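**Student:** Below is one structure. I have some questions about it.
The values are calculated or read from the model by the stated rules, or taken from the named source; none is laboratory data. On a predicted model such as this, the values are computed, not experimentally measured, just so you know. Cβ placement follows ideal geometry from the backbone for every residue including glycine, while neighbour counts extend to all protein chains displayed. These area figures cover heavy atoms from the full protein model, side chains too; ligands, DNA and RNA do not enter into them. Shrake-Rupley method; radii C 1.70, N 1.55, O 1.52, S 1.80 Å.
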Amino acid sequence: AEWEEKLKENPKTKKPVPIVASEIDDEDIPFEIPESWCWCRLGEIGDVIMGQSPDGNAVKESGDGIEFHQGKIFFGDDYLKKSNQITTESTKIVGSDTILLCVRAPVGKVNLLDRDICIGRGLCALRPVISKKFVYYILQALESEFNDKATGTTFKAISKDIIFEQ
């Protein structure tokens, strides 16, 4: 239904690819779910876009460009607040169809987006094919899991593989 609404707004909207769940081991299943549901991994319910920082000279506090975020400094209670930084070198642009996840110091914090921004290495964006709010709440519940799996000596970080396997 969500896709059909988007199709009315933009006839070029692509139909989402159906989710085909991988095999989940019985010990990984924490509780029973309805028969019409299936267990799957985060990497199977949409795109995971890892941030990439622009050149430092391309990041400024004023002028033309796109809003830039490197970490959770402007995270709000649920939605991302406006950053005071912009970049003229758009490396990884994500939009309102995504959820931001901190992948470095601190690991596991999440926020929703309501606009297009550029993300640096401290963030990744998840673009789910199911309810964005539902995935947002799942990610909030997974914060301690992400922290447990984070590695690093200077600062803790998680990789795309760790996100995919949740």
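**Student:** Limited to the stretch 125-157, what total is found for residues that are at pLDDT 95 or above, surrounded by fewer than 16 Cβ atoms within 10 Å (Cβ to Cβ) and assigned to a strand (DSSP E or B)?
**Tutor:** 0
**Student:** Could you list all residues from the stretch 92-117 that are under 21 Å from Ala150 (Cβ atoms), part of a strand (DSSP E or B) and not charged (D, E, K, R)?
**Tutor:** Hits for the stretch 92-117 are Ile99, Leu100, Leu101, Cys102, Val110, Asn111.
**Student:** Still on this structure, I have one more. When residues of the stretch 105-119 are filtered for being buried (at least 21 other Cβ atoms within 10 Å of the Cβ), out of contact with any helix residue (DSSP H, G or I) (no Cβ under 6 Å at 6 or more places or on another chain) and under 18 Å from Ile163 (Cα atoms), how many remain?
**Tutor:** 2
**Student:** Just to be sure, is Ile130 hydrophobic (A, V, I, L, M, F, W, C) and out of contact with any Lys or Arg (no Cβ under 9 Å at 6 or more places or on another chain)?
**Tutor:** Taking the combined requirement at face value, the residue satisfies it.
**Student:** List the pairs whose first member sits in the stretch 93-111 and is without any contact (Cβ under 8 Å) to a residue 24 or more places away in the chain, whose second member is among the aliphatic types (A, V, I, L, M) and open to solvent by 50 Å² or more (accessible area, probe 1.4 Å), and whose Cβ atoms are under 9 Å apart, counting only residues at least 6 apart or on separate chains?
**Tutor:** Sorted first by the residue in the stretch 93-111, then by its partner, the list stays empty.
**Student:** Of all residues in the stretch 44-90, which are in a loop (DSSP other than H, G, I, E, B) and open to solvent by less than 40 Å² (accessible area, probe 1.4 Å)?
**Tutor:** Ile45, Gly51, Ser53, Pro54, Gly71, Phe75, Gly76, Leu80, Ser83
**Student:** So which of Val94, Val17 ends up being within 23 Å of Lys132 (Cα to Cα), modelled with pLDDT under 85 and within 21 Å of the chain's Cα centre (by Cα)?
**Tutor:** Going through Val94, Val17 in turn, the sole match is Val17.
**Student:** Find the residue count for the stretch 20-42, including only residues that are under 21 Å from Glu2 (Cα atoms) and either at pLDDT 90 or above or not in a loop (DSSP other than H, G, I, E, B) (or both).
**Tutor:** So the count comes out to 1.
**Student:** Continuing with the same structure: Thr98 is checked against (1) surrounded by 14 or more Cβ atoms within 10 Å (Cβ to Cβ); (2) of a type in the set (Ser, Thr, Tyr); (3) over 16 Å from Gly71 (Cα atoms) and fails just one. What number does that condition carry?
**Tutor:** In the conditions (1) surrounded by 14 or more Cβ atoms within 10 Å (Cβ to Cβ); (2) of a type in the set (Ser, Thr, Tyr); (3) over 16 Å from Gly71 (Cα atoms), Thr98 misses (3) alone.
**Student:** Shifting gears a bit: Within the set of pairs 6+ apart or on separate chains, which have a first residue in the stretch 46-75 that is farther than 13 Å from Gly95 by Cα, a second that is in a loop (DSSP other than H, G, I, E, B) and hydroxyl-bearing (Ser, Thr, Tyr), and C-beta atoms under 6 Å apart?
**Tutor:** Gln52/Thr91; Pro54/Thr91; Ala58/Thr88; Gly65/Thr88; Phe74/Ser83
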